[in-house]
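Scroll down for the structure; my scribbles are underneath it.
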Amino acid sequence: MDWQKGRESDNVVEDDGSNSGGGSGGFGGLGFGGFHLGIGGTIAVVIVALIFPQTRPLIMNLFLSGGGSTQQVAPSQPHQPLNPNDPQVKFVKSILGSTEDVWGAYFQANGKQYEQPKLLLFHGQTRSGCGAAQESMGPFYCPADHRVYLDLDFFKEMDTRFHASGDFARAYVIAHEVGHHVQNSLGIMNQEQQAQQSGQPMNGATGLSVRLELQADCFAGVWGNKSQAQLNWLQAGDVDAALNAAAQVGDDTLQKEARGYAVPDSFTHGTSAQRSRWFKAGFASGDIKSCDTFSAATL
């Protein structure tokens, strides 16, 4: 991937260390109530956090805000400013800049204005509008503050733990999180919450969470299509790298790695085959209309 062709975004910001430490931000309407976890419960929650990355900010907030056993976050390391010339930083800026151009054009064509999200780079730990964040959570989008959070060390984890290397694989991760911002901007997240309140199941193989995540994968594919049309920056093997990354973080794959078998009733992101298929659908069509996972009879 010739990512240097991309325009660097001005919306990549750095955690200067002032947000790190104990405590947490609000949940934006989500919460755990008065849960009190013993050792067994704590272990179970940690396993869930490992399997389902999107739950990690909420789970960390549960621990840090007193919902579980009292724990303190390890003191943050002395702040080391990021080098703006670091290739990884420039890469993130380039990918985010491309998402801004792609989604900005889409919103404009539909008579709307795209609110460009901030992407916060942190190291070790930080706070978000959705709670405390640590490197082990992986990247996530917080709808409460409209920000994407990323610790660059996650890219190393992609290479070692997930065996998902390649620039376009990393770009897919960023585009997926930005896809959640697009969902938030289009009101899809609000619709999902309303559906949940009406009794539709959140988790499970066909649950609302899976449909939301698969749609974000499809939106990432749409971005890939449009960015290629704009910049012609993809090279042989790039799409396969992104499809592999999508497959490596499927619920079934992660659960089998963690405990030897998969439990579809607990799925929140979709299977490896589904995540790859929906990314591929968005990439092939370049059309957001191909990403209606909520109406799809078969995921």
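Readers should treat all values here as calculations from the given coordinates under stated rules, not as data from a laboratory. Since this is a predicted model, take the numbers as computed values, not measurements. Counting neighbours? That spans all protein chains shown, and the Cβs are built from the backbone with ideal geometry, glycine included.
Of the helices (runs of 4 or more DSSP H) entirely within region 222-299, those holding at least 1 residues that are farther than 24 Å from Asp159 by Cβ and polar (S, T, N, Q) occupy 272-285. Residues that are touching a residue at least 60 places away in the same chain (Cβ under 8 Å), surrounded by 15 or more Cβ atoms within 10 Å (Cβ to Cβ), over 19 Å from Tyr141 (Cα atoms) and more than 20 Å from the chain's Cα centre (by Cα) do occur in region 243-265, at least one of them.
Residues of region 186-230 that are farther than 20 Å from Leu299 by Cα and of a type in the set (Lys, Arg): Lys226 alone.
Residues of region 165-209 that are aliphatic (A, V, I, L, M), within 25 Å of Lys118 (Cα to Cα) and out of contact with any Pro (no Cβ under 8 Å at 6 or more places or on another chain): Ala169, Ala171, Ala175, Val182, Leu186, Ile188.
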